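K.L.:
Dumping the structure here so I can ask a few things about it.
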Amino acid sequence: MRQLFQRKPIAELLVDEADSSRSLKRVLGAGDLIMLAIGAVIGAGIFGAIGTAAAGQVGPNGEVIRYAAGPALVFSFILLGGACALAGLCYAELASMIPQAGGAYAYSYAALGELVAWIIGWDLILEYAIGNIAVAISWGDYFTTLLRSVGIDLPVFLTTAYRTAMLSPNPDVHGLLETAPRFLGMPVLLNVPAFAIVMFVTWLLLRGAKESARANAVMVVVKLAVLALFIGVGMANINPANYTPFAPGGFTGIHQGAAIVFFAYIGFDAISTAAEETYNPKRNLPRGILGGLAICTLIYVIVGAVITGMVPYTELGVADPLARALELIGYTRVGAIVAFGATVSMAAVLLVFQYGQPRIFFAMARDGLMPEWVARVDPKTRVPYRATLWIGVIVAAASMLGDAGETYNLTNIGTLFAFALVCAGVMALRIMEPDRERPFKVPSVWIIAPLGVAACAFIMKGLPRETWILFGWWLLIGMTIYLGYGYRHSKLRRP
Ligand code: ALA
């Protein structure tokens, strides 16, 4: 039992900065971090998931799966901004205290012991790899819209995944199970664009492509420009009648809406992994995390208010709601520009997450919790190439066959769980290592951190039962793998 909760000493997690072969260069300021946060945050959530949250969701037999938030979606965004700020503060404390690339996995190894660290590492697969499945599917939807706008119509059986057809309440989409071409008796229903973008991003990463602050800044400018265009056109076309009813699903709708658009906020935590590359992390990390979060919250609230004023919220239950809303008010060409901006935005998210996932595995493999080959680095490109390639292939294949709705929920529950454990980790380390230097300290930690845990738990509660069951299975599989492999190979006990 004691071994299961053995903590890795922080000193072992820290890298000697004088050793240039093992430490990174401090090149990022607060402005770069804010840009990185916006780069990783704004993507499929605001360009895609927002639609289901506003319109709600009904099952194939007409049963309500989630209540509609309607125009009250802005309250979902405000609630989420607050909850993420609590977790963001806790991330800032741990990131400045343990400036190491493993992120939440490394913090929990130091704060809560090996078992919890493994669970977090396993859980982060939901945030990065499974999250990217949802982003890739959303990318595919926008890409298809974009091609259609220039007169290229891809065959629907090559842009719709089998699982999506199976789950869709829309008879046209569901009917594809019957009408699609067949191979060995099975309907061929593949989301080829989603597969292709993940493989392309993987290829880029394998070449050693780095998400430089500059390239990211260009993509952020594109994102912000198209959102500004959307807001500008949308504001000029608001019909106040669309704001009634304001909260069709009542508080349940706002709560369930928050649980799904939480996806739109994921990614601000990823910049905590830049701690080692930041000048003066004590000052800049909290500014980057909280500044990025504040800007994204503001943008989201405005987009939420505008889109639900442009068209009736019931029209938004599609995969590309921003482009659809513009189409519905007659701005098809602007819709195409927004669709282009969405593909750029989501490609950036895909790249950052697809970059992050192998590195978490890499950190875990270095600690002996995963097989050693996962940590193998290409001597020329310095990329953990095997992990990058395998994760790329698996995410691409899953994006080709999977459904976005299911993956959004799993990602949200997994990330919320990680956020809650980070908040708990701050408290644990305050008790166990009270004297360790904390370059950034969470103010009123005994209020903020428990509130952070409670807020995450509350948002998690808004997720459907099936998501909880899947999450339970996910953790169970993870535990089995740990007991079968990581427990016996951990380098903490066998250096
Ligand atoms: N927040 C990121 C997105 O919305 C994951 O795409």
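The values are calculated or read from the model by the stated rules, or taken from the named source; none is laboratory data. Not measured: the values here are computed from a predicted model. Cβ: placed from backbone, ideal geometry, glycine included. Neighbour counts: every protein chain shown. Quick note on the areas: whole protein, heavy atoms, side chains included, nothing else; ligands and nucleic acids left out. Shrake-Rupley method; radii C 1.70, N 1.55, O 1.52, S 1.80 Å.
K.L.:
Cα atoms only: what Rg and Dmax, in Å, come out for the chain?
P.N.:
Considering the chain through its Cα atoms, Rg and Dmax are 21.9, 67 Å.
K.L.:
Which number gives the lysine pairs in the chain that have C-alpha atoms under 20 Å apart and are eight or more places apart or on different chains? Don't skip to the end; give the middle numbers.
P.N.:
Numbers: K8/K491; K25/K210; K25/K282; K25/K380; K210/K223; K210/K380; K282/K441.
For the chain, qualifying lysine pairs total 7.
K.L.:
Please give the FRET efficiency for L147 paired with S444, using the beta carbon to beta carbon distance and R0 = 35 Å, rounded to the nearest 0.05. The partial results should precede the final answer.
P.N.:
Numbers: r = 52 Å, r/R0 = 1.48.
The calculated FRET efficiency here is 0.10.
K.L.:
Could you give the length gained on full extension between V218 and R436, defined as 0.36 nm per residue of separation minus the Cα-Cα distance, in nm? Each step should come with its number before you reach the end.
P.N.:
On the way: separation 218, 0.36 × 218 = 78.48 nm, distance 3.90 nm.
Gain on stretching V218 to R436: 74.6 nm.
K.L.:
Mind checking the full-extension length gain between L154 and I469? Use 0.36 nm per residue of separation minus the Cα-Cα distance, one decimal, nm. Display every interim value, and only then the final one.
P.N.:
Working: separation 315, 0.36 × 315 = 113.40 nm, distance 3.59 nm.
Contour length minus Cα-Cα distance gives 109.8 nm.
K.L.:
Continuing with the same structure: Work out, step by step, the length gained on full extension between A294 and Y279: first 0.36 nm times the residue separation, then minus their alpha carbon distance; give nm to one decimal. The partial results should precede the final answer.
P.N.:
Details: separation 15, 0.36 × 15 = 5.40 nm, distance 2.12 nm.
Going from the current span to full extension adds 3.3 nm.
K.L.:
While we're looking at this one, here's another question. Counting only heavy atoms of protein chains, what accessible area per residue, in Å², does the chain have with a probe of 1.4 Å?
P.N.:
On the way: 20250 Å² over 495 residues.
I get 41 Å² per residue for the chain.
K.L.:
Still on this structure: Starting from the 7 Å offset along Cα-to-Cβ, what nm value, one decimal, do you get for the label separation of I394 and A236?
P.N.:
About 4.9 nm separates the two model spin labels.
K.L.:
Expressed as an acute angle from 0 to 90° and rounded to the nearest 10, what is the orientation of the C-alpha long axis of helix 404-432 relative to the principal long axis of the chain?
P.N.:
30 degrees
K.L.:
Once both labels are modelled 7 Å past Cα along the beta-carbon direction, what's the M186-R366 spacing in nm?
P.N.:
With each label point 7 Å from Cα toward Cβ, the separation is 3.9 nm.
K.L.:
Would you calculate the separation in nanometres between label points at Q6 and F458, each defined as 7 Å from the Cα along the Cα-to-beta-carbon direction?
P.N.:
Each label point is offset 7 Å from its Cα along the Cβ direction, giving 4.0 nm.
K.L.:
OK, next. Using θ = phi - 60° and the Karplus curve 6.51 cos²θ - 1.76 cosθ + 1.60, what whole-Hz ³J(HN,Hα) does each residue of the range 178-195 get, with Gly and Pro shown as x?
P.N.:
My calculation for the range 178-195 gives 8, 8, 5, x, 10, 9, 6, x, 9, x, 8, 10, 10, 8, 5, x, 5, 4 Hz in order.
K.L.:
Given DSSP loops and a limit of at most 16 other Cβ atoms within 10 Å, what is the longest stretch of the chain that contains no such GluC sites (Glu not before Pro)? Could the numbers behind the result be given before it?
P.N.:
Details: sites that count: E17, E63, E437.
Between exposed loop sites, the widest span is 64-436.
K.L.:
Computing the accessible area with a 1.4 Å probe over protein heavy atoms, can you report the carbon and sulfur percentage for the chain? Before the final figure, lay out each step's value.
P.N.:
On the way: 13240 of 20250 Å².
Percent of accessible area from carbon and sulfur atoms in the chain: 65.
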